[in-house]
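Everything on this sheet refers to the single structure shown next.
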Amino acid sequence: MAARALSRLLSRSISSSSSGVSASLLRSSLGRKSEGWTNISRFSTAAAVEELITPQVSINYTQHLINGQFVDAASGKTFPTYDPRTGEVIARVAEGDAEDINRAVSAAREAFDNGPWPKMTAYERCRILLRFADLVEKHNDEIAALESWNNGKLYEQAAKAEVPMFVRLFRYYAGWADKIHGLTVPADGDYHVQTLHEPIGVAGQIIPWNFPLLMFAWKVGPALACGNTIVLKTAEQTPLTALVVAKLLHEAGLPAGVLNIVSGYGPTAGAPLASHMDVDKLAFTGSTDTGKTVLELAARSNLKPVTLELGGKSPFIVCEDADVNKAVEIAHFALFFNQGQCCCAGSRTFVHERIYDEFLEKSKERALRRVVGDPFKKGVEQGPQIDSKQFEKVLRYIKSGIDSNATLECGGGRLGSKGFFVQPTVFSNVQDDMLIAKDEIFGPVQTILKFKDIDEVIQRANATRYGLAAGVFTKNVSTANTMMRALRAGTVWINCFDVFDAAIPFGGYKMSGIGREKGIYSLHNYLQVKAVVTPLNNPAWL
């Protein structure tokens, strides 16, 4: 049910017929400038941003959270965090370094070795996580507004899909807390053998900027359910909402030192966390290249186990029997959702040659209808890219596509004069060896490729270093069964895309990562298995 609800919410947020959030709700809860509602423009006409809505949410937490207290960085340094709509600073946040990581790890170690959290009954841990979920639900709108302001994602997406899914995830993991147990194992000989599933200890976690709240939940939820303590480093682009929800988690009863949050940059805060000798386990979500560095640092220090959720270049395969209109809309969603800033985005759209021309023309028309603008405004489907670095990267890839003789069907440039808005872009006549078909662009750039038969498209879809996800659109059950087994990807969506649920595992093959997040599989990342063997003296049975 949760997966269907989230899918409906996300699909509605990108649909051209979206009703969006009511004008009265946004006027009352997000800002006063309502005159801009009639000024929303299609991307091909006027500037993307006219009258910006000022979010009516305060920024109260900008320090590190260490041992239950908000504290300044040891160095006293701060760094700016920006509004992607304008590029303007909205707050200055404590800038962590190795000393802050040391303080946070020390607090987490003390909380694990001597604090109440691992020794607490699993049911009490469950109750704290449930109370936390209730508090987040109560503050849904303000948390969503802050997430949208700091990230540039649609307010409706944050308020109606992502914050509710955050709540669902913590309720899911709360339910697991008192159901984690070992086994009794029959063995040859007079022995009683049992296994214990123990918390692994201090978990270091590094989360990305594209889904700050959901990535917090994906990592913090299972780690706490298993009884671990945590040092979390947030992305420097989006440090704000993690601090807000962490404050609520402590209000729900989390003991001091169990969750510690350090804001900062990768080389100066992330690297010290990854290489710290007193961190027992590491989890990272981000680019594949950075994931390699994280894995190396973990190995060179204390050989701590690492789970990685990394990049993708996911194929979205439209077979010749597909309903073209439905396929166009889902393929559009698969790529453009969240401004294209999604690791599992369907960024290689393979279309059968018999329907290619029709699909291409309708995909172009759909992109031209896409509404780009202030993510707080009703009817907007696409906000800005996260920052100038990502904005410029996307434009470089678009130029690469043009230079490689792919056909630019629409888009291809900046939208507006400020902020980081990119026109929804569609390329046709794309070849597999072009950079736009090989690299993770992480932006609103759809590449549409042509194929002849199933064997060919399977081979081409798998000819990548990535293996995070794939989509297949067909009416033929046999074709779907063939592809779901042949595609080398951690998730295969059939006639849908981006359907997420707390219980559905997520992770990649090949260089898209190690391990799985969400669902029962995520618990394995935060547990040690201990075998205990005891001799039996004259047992009644074995």
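The values are calculated or read from the model by the stated rules, or taken from the named source; none is laboratory data. All values reported here derive from a predicted model rather than from experimental measurement. Heads up, the Cβs are rebuilt from the backbone with ideal geometry, glycines too, and the neighbour counts pull from every protein chain shown. Keep in mind that these areas ignore ligands, DNA and RNA; they rest on the heavy atoms of the full protein, side chains included. Shrake-Rupley method; radii C 1.70, N 1.55, O 1.52, S 1.80 Å.
General remarks:
- Residue-wise HN-Hα coupling along the stretch 187-203, computed from phi with Karplus coefficients 6.51, -1.76, 1.60 (Hz; x: Gly, Pro): 9, 6, x, 8, 9, 9, 10, 9, 10, 10, 9, 10, x, 6, x, 8, 9
- Straight-distance crosslink candidates among lysines, where the alpha carbon sits under 18 Å from LYS393 and sequence neighbours closer than 8 are dropped: LYS313, LYS418, LYS438
- Within the shell defined by Cβ-Cβ distances under 12 Å, the residues around PRO80 carry a net charge of -3, with Lys and Arg each +1 and Asp and Glu each -1.
- Of LYS138/LYS247; LYS179/LYS247; LYS219/LYS518; LYS138/LYS518; LYS326/LYS377, pairs whose Cα-Cα distance is over 18 Å: LYS179/LYS247; LYS138/LYS518; LYS326/LYS377
- Taking the C-alpha atoms only, the angle from helix 122-138 to the longest principal axis of the chain is near 30 degrees.
- HN-Hα J in Hz across the stretch 463-477 - Karplus 6.51, -1.76, 1.60, θ = phi - 60°, x for Gly and Pro: 7, 8, 6, 9, x, 7, 8, 7, x, 10, 10, 7, 9, 8, 4
- Rolling a 1.4 Å probe over the protein chains gives ARG369 an accessible area of about 100 Å².
- For the stretch 528-540, 3J(HN,Hα) per residue [Karplus equation, 6.51 cos²θ - 1.76 cosθ + 1.60, θ = phi - 60°, Hz, x = Gly/Pro]: 9, 9, 10, 8, 10, 10, 10, x, 10, 9, 6, x, 5
- Cut-off under 5 Å, modelled amide H: who pairs with ALA91 long-range: THR81
- Rolled with a 1.4 Å probe across the full set of protein chains, the surface gives TRP218 an accessible area near 20 Å².
- At full extension, VAL529 and ASP278 could sit 88.4 nm farther apart than now, given 0.36 nm per residue minus the alpha carbon distance.
- Among beta bridges that DSSP assigns inside the chain, antiparallel share in %, nearest 5: 45 percent
- Amide H within-cut-off set for GLY311, under 5 Å, with H built and near neighbours excluded: THR288
- Taking all protein chains as they are arranged and a probe of 1.4 Å, the heavy atoms of TYR191 leave approximately 110 Å² accessible to solvent.
- Between helix 288-300 and the chain there is an angle of about 20 degrees, using the helix long axis and the longest principal axis of the Cα atoms.
- Summary value for the stretch 211-364: 16 percent relative contact order, contacts being C-alpha pairs under 8 angstrom separated by 6+ residues.
- For a paramagnetic label modelled on SER417 (point 7 Å from Cα along Cα→Cβ), amide N atoms under 18 Å away belong, within the stretch 367-387, to 373-374.
- If you take all other residues with their beta carbon under 12 Å from the beta carbon of ALA463, and give Lys and Arg +1 and Asp and Glu -1, the sum is +4.
- Selected from SER478, VAL492, HIS332, residue furthest toward positive end of dipole (the stretch 315-501; charges at beta carbon): HIS332
- A Förster radius of 25 Å, combined with the Cβ-Cβ distance separating LYS247 from GLU110, puts the computed FRET efficiency at roughly 0.75.
- Taking a straight Cα-Cα cut-off under 20 Å and skipping sequence neighbours fewer than 8 places away in the same chain, the aspartates and glutamates within cross-link reach of LYS292 are GLU236, ASP280, GLU309, ASP439, GLU440, GLU517.
- Rounded to the nearest 20, the Cβ-based charge dipole of the stretch 49-113 about its Cα centre (Lys and Arg +1, Asp and Glu -1) stands at 120 debye.
- Taking 0.36 nm per residue of sequence separation and removing the Cα-Cα distance, the SER478/TYR123 pair yields an extension gain of 123.2 nm.
- Bridge type composition, the stretch 315-501 - antiparallel percent by DSSP, nearest 5: 15 percent
- Compared with the dominant principal axis of the Cα atoms in the chain, helix 324-336 is inclined by about 60°.
- Built amide H within the under 5 Å cut-off of PHE316, gap 5+: ARG348, THR349, PHE350, GLY471
- Total charge dipole magnitude, the stretch 86-204, about the Cα centre, Cβ charges on Lys, Arg, Asp, Glu only, Debye to nearest 20: 400 debye
- Rg/Rh for the stretch 315-501, where both radii come from Cα atoms and Rh is the Kirkwood radius: 0.95
- Surface/4 of the Cα convex hull for the chain, nm²: 26.5 nm²
- Charged side chains reduced to their Cβ positions (Lys and Arg at +1, Asp and Glu at -1) give the chain a dipole of some 500 debye around its Cα centre.
- Nearby aspartates and glutamates by direct alpha-carbon distance to LYS364 (threshold 18 angstrom, same-chain neighbours under 8 apart not counted): ASP323, GLU329, GLU353, GLU381, GLU409
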